Amino acid sequence: MYNQKVARFAWILMMLAIMCWEPLVSFAQSPLAKTPPMGWNSWNHFGCKITDAIVRAQADAMIATGMRAAGYEYVNIDDCWEGKRDSQGFIHPNSKFPDMKSLADYVHSKGLKLGIYSSPGPRTCAGFEGSYGHEQQDAETYAQWGIDYLKYDWCSARYVYQPDQYPSAFEKMHQTLRSTGRPIVFSIHGRGRVWAWAQSVGANLWRTTGDIKDDYNRMIAIGFGQSGLAQFAGPGHWNDPDMLEIGNGGMTAGEYRTHMSLWCLLAAPLITGNDLTQMSSETLAILTNPEVIAVDQDPLGKEGHRVWEEGPLEIWMKPLVDGGKAVGLFNREQSTIRMTVHFSQIGIGTRATVRNLWAHRDLGTFMGSFSADVEHHGVVLVKIKSAQ
């Protein structure tokens, strides 16, 4: 009888262990950011003028405009939310954010997720409280508030860390985020060859460049400057060429389509930085084109790369999970130019079908190559698939 009781007790313990272990296994097999994160960030349009009310309005607009239905889910507060630390060292928001937990609850009630911002240094870029020396406290606070995404920006960290310590500064926050038990996407902005070590310190995405501006020349310098980085990206870990400027007014509609096309070919995070409550129908159409977004979110998780360049003309290709290739023909010149992509350049057989992703139109079956007139500062984005 005694042995039977012991055996039954052991069986119960084993079942409890399995019940506890299965969720952990499931979580381990379901990494964050399987596809590039999509959402909104406050900095590009609002800067330090961001408030609780503005964040709530952006969350409302993300639902009302169909942005959430298109795949955008993160509502991210950038710099300038921070207040002071209390006597125990825990951070509190400033008066513009009276109750961060309440804000997170509101965003979650919309089926969205909330992001926040800090720095591994003692100060953020705007001079507010950073996380240096308070990493564990801040991670615990974010988890208690219900934060889903952390943007961790280098800024003043250069004053307290040596170059060979850069990775460890981010690893420290990664480990503290993990210790909370809450899944939080970890976005970092470091220095140097960040892409070479960012994944190893737990980052889900990492900035590969300085800040973007709502300017065509700055945008293409960043976008086309990503060449050579594709090997570092994949499901759960992405190169980040900075946020989208679409809708902020500094570029033409054609230039914004170039912006969106290039970011999608790069498998870049699609974090828009405009005022979602004031979007034109044209801006909304660019940001929510399902066929273009599908290129970015393709589950194969391959970043695109340049396959041809001649002066101001470039052709980029991104492999897709169904065997097709997303191809962008880009023209940086000041006049319309006819461009041709040869199927041999993109690993497609002699005969292939072509679909225009911005026009939502099948263009037919072509032999050996496809040509199109590309407007100045414009793009023709197509999907090419073998028809052998």
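The values are calculated or read from the model by the stated rules, or taken from the named source; none is laboratory data. Predicted, not measured: the structure shown is a model, and the values here were computed from it. With ideal geometry, Cβ positions are generated from the backbone for all residues, glycine too; neighbour counts draw on all protein chains shown.
Assorted remarks:
- Filtered residues of the stretch 113-127 (kept if crowded, with 24+ Cβ neighbours inside 10 Å and either not assigned by TED's automatic domain parsing to the domain that holds residue 154 or not in a strand (DSSP E or B) (or both)): 119, 120
- Residue 384 being among the hydrophobic types (A, V, I, L, M, F, W, C) and surrounded by fewer than 22 Cβ atoms within 10 Å (Cβ to Cβ): no
Residue-by-condition table, conditions (1) in contact with a Phe, Trp or Tyr (Cβ under 6 Å, 6 or more places away or on another chain); (2) outside any loop (DSSP other than H, G, I, E, B); (3) closer than 21 Å to residue 292 by Cα:
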residue	(1), (2), (3)
330	no, yes, yes
334	no, no, no
338	no, yes, no
348	no, no, yes
352	yes, yes, yes
364	no, yes, yes
372	no, yes, yes
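Every residue, every condition in (1) outside the structural domain of residue 165 (by TED's automatic domain parsing); (2) basic (Lys, Arg); (3) free of Cβ contacts under 8 Å to residues at least 24 places away in the same chain, yes or no:
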| site | (1), (2), (3) |
| --- | --- |
| 54 | no, no, yes |
| 66 | no, no, no |
| 79 | no, no, no |
| 85 | no, yes, no |
| 101 | no, yes, no |
| 109 | no, no, yes |
| 129 | no, no, no |
| 138 | no, no, no |
| 143 | no, no, no |
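- Residues of the stretch 264-323 classified as in a loop (DSSP other than H, G, I, E, B) and either surrounded by fewer than 19 Cβ atoms within 10 Å (Cβ to Cβ) or not polar (S, T, N, Q) (or both), total: 22
- Restricting attention to the stretch 131-154, the residues being part of a helix (DSSP H, G or I) and not charged (D, E, K, R) number 8.
- Considering each residue of the stretch 140-148 in turn, at least one proves to be out of contact with any helix residue (DSSP H, G or I) (no Cβ under 7 Å at 6 or more places or on another chain) and within 21 Å of residue 273 (Cβ to Cβ).
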